[in-house]
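Only one structure is covered here, and it is reproduced in the block below.
The values are calculated or read from the model by the stated rules, or taken from the named source; none is laboratory data. Model, not experiment: these values are computed from the prediction. A quick note on method: Cβ atoms are made from the backbone with ideal geometry, for glycine too, and the neighbour counts reach across all protein chains shown. Please note that ligands, DNA and RNA were not included when accessible areas were found on the heavy atoms of the full protein model with its side chains. Shrake-Rupley method; radii C 1.70, N 1.55, O 1.52, S 1.80 Å.
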Amino acid sequence: MSTLSEVYTQYPLKVDDIIPLDFDSVVTVPDSHAWPISDGFESNDWLSIPTIDLKDPDAAKLIGHACETWGVFQVVNHDIPLNLLDEVESEARQLFSLPTTQKLKALRSPGGVTGYGLARISSFFNKFMWHEGFTIIGSPLDHARELWPNDYQKFW
């Protein structure tokens, strides 16, 4: 079985499939990001993303169902300390508030697994998604050094 890194190396993306839209520089939605209106969504409860209680004995089954039907879910009773979640959110805000030119210093390579850029699934769609992301596997130290050359020690 191939590792994720091996698969990504075997199937590299084009750089255009990695670089997110610079949200600060656009005035109107470019055609590359203009998705058609979908009539296929029939739920009257479209804002109710499933919430999974990890203390529920059926949590694994509920997660599977949420993934199959929604592709997303929220978890409660995960026992992750609130101060850690606050710190992670603060770091994410700091990262994504950087100017685009700075974030591009940590751009994921076409065959790479980690770094800044669009999700690898983006190339499977005919329109780009309205997001930017940062994938971390293992230590974020190398990317932190690129993004904050004078203030990366906290990632050590």
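Couple of notes before you dig in:
- Taking the listed residues W130, W148, W156, the one that is over 30 Å from D31 (Cα atoms) and at pLDDT below 85 is W156, with no other qualifying.
- Applying a threshold of 7 Å to beta carbon distances and a minimum spacing of six or more residues, or different chains, the list of pairs starting in the stretch 83-98 at a residue that is closer than 19 Å to E146 by Cα and ending at one that is assigned to a loop (DSSP other than H, G, I, E, B) reads F96/E132.
- Within the stretch 47-60, not a single residue is in a helix (DSSP H, G or I) and either modelled with pLDDT under 90 or touching a Ser or Thr at 6+ places or on another chain (Cβ under 6 Å) (or both).
- Any chance F134 is open to solvent by 50 Å² or more (accessible area, probe 1.4 Å) and either on the phi < 0 side of the Ramachandran plot or under 14 Å from the mean Cα position of the chain (by Cα) (or both): no
- Residues in the stretch 61-74 that are modelled with pLDDT of 95 or more and hydrophobic (A, V, I, L, M, F, W, C) were compared, and the one that is most open to solvent (accessible area, probe 1.4 Å) is L62.
- Any pair with Cβ under 8 angstrom, 6 or more apart, that starts in the stretch 129-156 at a residue that is in a loop (DSSP other than H, G, I, E, B) and ends at one that is at pLDDT 85 or above and aromatic (F, W, Y): E132/F96; E132/Y116
- D79 farther than 20 Å from F23 by Cβ, at pLDDT 85 or above, outside any helix (DSSP H, G or I) and among the acidic types (D, E): yes
- Within the stretch 82-131, considering residues that are of a type in the set (K, R) and closer than 19 Å to F23 by Cα, the one surrounded by the fewest Cβ atoms within 10 Å (Cβ to Cβ): R93
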